[in-house]
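Below is one structure, written out as structure tokens; comments come after it.
The values are calculated or read from the model by the stated rules, or taken from the named source; none is laboratory data. This structure is a prediction, so every number in the text was calculated from the model and none was measured. Counting neighbours? That spans all protein chains shown, and the Cβs are built from the backbone with ideal geometry, glycine included. When the accessible area is computed, the model is the full protein with side chains, heavy atoms only, and any ligands, DNA or RNA have been set aside. Shrake-Rupley method; radii C 1.70, N 1.55, O 1.52, S 1.80 Å.
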Amino acid sequence: MRSVTYRDLTTLEEFAAVVDLEREIWGPGYDEVVPVPILAVSVLRGGILIGAFDDDRLVGFVYSLPGIKHGRPTEWSHMLGVLDRFRNDGIGRQLKLEQRDRALALGLDLIEWTYDPMQAMNAHLNFAKLGVIAEEYEENVYGESSSPLHKGNPTDRFVAEWWIRTPRVERRLAGSAPLAPVLTVEPANRTRAAAEWLEPGALDLSLDARRISVEIPADFTGMLSRAPDLALAWRMATRQLFTTYFARGYRAIEFFLDRPSRKGAYLLTRR
């Protein structure tokens with residue numbers, strides 16, 4: 001087990017190291033990095049920038065900037081990145097815990113960020129481990145990305161709301177499991193098994209149940225690189241589901257990861 005340490009980043013040299021790490025994580029040709037001057041001024045005025053170090057080497061970071069929502073101060077977490085070979089060491093989760101500690105010290109209640117709802121492992125971290133909820137779906141929020149990780153797929157995103165003082169969040173951080181899937185959930189879609197990938201099945205946009213589920217495949221990143229047309233079909237299908245049901249007063253409150261079946265499912269309930 002690696003001995004990883006965490007600390008706030010405050011110097012120009014550390015900011016430059018973050019920029020280098022952004023390019024390494026998001027891949028060759030990625031030109032949407034947060035540059036040194038923006039890191040510097042946002043940290044100067046309430047931003048949070050924390051690095052994860054393996055010995056003296058920066059291997060991950062989390063970055064948020066001050067925000068305002070409905071007249072109240074918040075933190076907007078713009079980036080969290082960890083080098084591939086360190087991603088199974090719990091560094092991403094620990095960076096979020098460090099970020100929460102800093103936000104609590106600032107007297108804040110809410111940290112928000114966007115993430116791709118098709119990324120099952122991110123969904124598992126966000127819902128099962130951190131206790132977020134989501135009720136906003138943004139279509140192609142960042143436009144066409146130059147990162148090879150996205151492969152031309154629209155940058156549709158959930159807005160994750162992390163209410164950092166709530167009992168729900170405290171229970172998840174203490175290790176309590178999410179709600180077990182219940183029998184009264186109505187499926188809004190079903191996956192279809194194919195040779196290598198799961199394919200999107202028929203959609204049901206007419207449900208009026210208290211709880212509904214939306215299934216996604218587990219390896220969307222692999223699909224982006226090796227089956228981009230299928231990845232786009234999944235994007236369009238889930239976009240239709242989430243925008244329809246969010247507009248009708250539902251929100252996502254849980255995510256259940258089913259590794260043996262190569263899929264996961266969101267639980268949506270009425271707000």
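One table, with the values for the structure above:
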| item | result |
| --- | --- |
| Inter-part distance where region 5-23 and region 83-113 are each reduced to a Cα centre, Å | 15 Å |
| Choice from GLY29, GLY46, GLY92 with maximal GNM fluctuation in the chain (Cα, 10 Å cutoff) | GLY29 |
| Cleavage-rule hits (GluC sites (Glu not before Pro)) in region 87-161: DSSP loop, at most 11 neighbouring Cβ within 10 angstrom | GLU144 |
| Net dipole in debye of the chain [+1 Lys, Arg Cβ; -1 Asp, Glu Cβ; about Cα centre; nearest 20] | 1000 debye |
| Helix axis angle, 228-247 relative to the chain longest principal axis, alpha carbon, degrees | 80 degrees |
| Tilt relative to the chain, helix 91-105 - C-alpha long axis, 0 to 90 degrees, to 10 | 70 degrees |
| Shape metrics for the chain, restricted to C-alpha atoms - Rg then Dmax, Å | 18.7, 55 |
| Candidates ASN122, ASN153, ASN140: whichever shows maximal mean-square fluctuation once the chain is modelled as a Gaussian network with Cα springs under 10 Å | ASN140 |
| Cα shape, region 54-168, gyration tensor, a/c 1.5 rule | oblate |
| Reach of LYS263 by Cα under 18 Å, taken over aspartates and glutamates that are not fewer than 8 positions away in the same chain | ASP116, GLU186, GLU196, GLU199, GLU215, ASP219, GLU254 |
| Gaussian network model of the chain, springs between alpha carbon atoms under 10 Å - residue of HIS124, HIS70, HIS78 with greatest fluctuation | HIS70 |
| Accessible area of region 122-271 divided out per residue, in Å², using a probe of 1.4 angstrom | 47 Å² |
| Interchain or long-range residues, amide H under 5 Å from VAL141's placed H | THR155, ASP156, ARG157 |
| Convex hull per residue volume in Å³, alpha carbons only, for region 25-97 | 118 Å³ |
| Assigned charges on the beta-carbon of Lys, Arg, Asp, Glu; region 1-48 dipole about Cα centre (debye) | 220 debye |
| Share, in percent, of DSSP beta bridges within the chain that are antiparallel, nearest 5 | 95 percent |
| C-alpha long axis of helix 12-26 to longest principal axis of the chain, angle in ° | 30 degrees |
| Carbon + sulfur, % of accessible area of region 52-200 - ligands and nucleic acids excluded, 1.4 Å | 52 percent |
| Given charges at Cβ of Lys, Arg, Asp, Glu: the chain dipole, positive-most of ASN88, ALA188, PRO73 | ALA188 |
| Per-residue [θ]222 nm for the chain (sum of -39500 (n - 2.57) over DSSP H runs n ≥ 4, rounded to 500) | -8500 deg cm²/dmol |
| Computed lengthening from ALA233 to LEU83, 0.36 nm per intervening residue step minus Cα-Cα distance | 51.1 nm |
| THR5-ALA174 FRET efficiency (beta carbon distance; Förster radius 30 Å; 0.05 resolution) | 0.85 |
| Placed amide H near THR114: partners under 5 Å, 5+ positions off or other chain | ALA160 |
| Computed lengthening from ARG226 to SER261, 0.36 nm per intervening residue step minus Cα-Cα distance | 10.6 nm |
| Gained length - LYS69 relative to LEU106, 0.36 nm times residue gap less alpha-carbon distance | 11.7 nm |
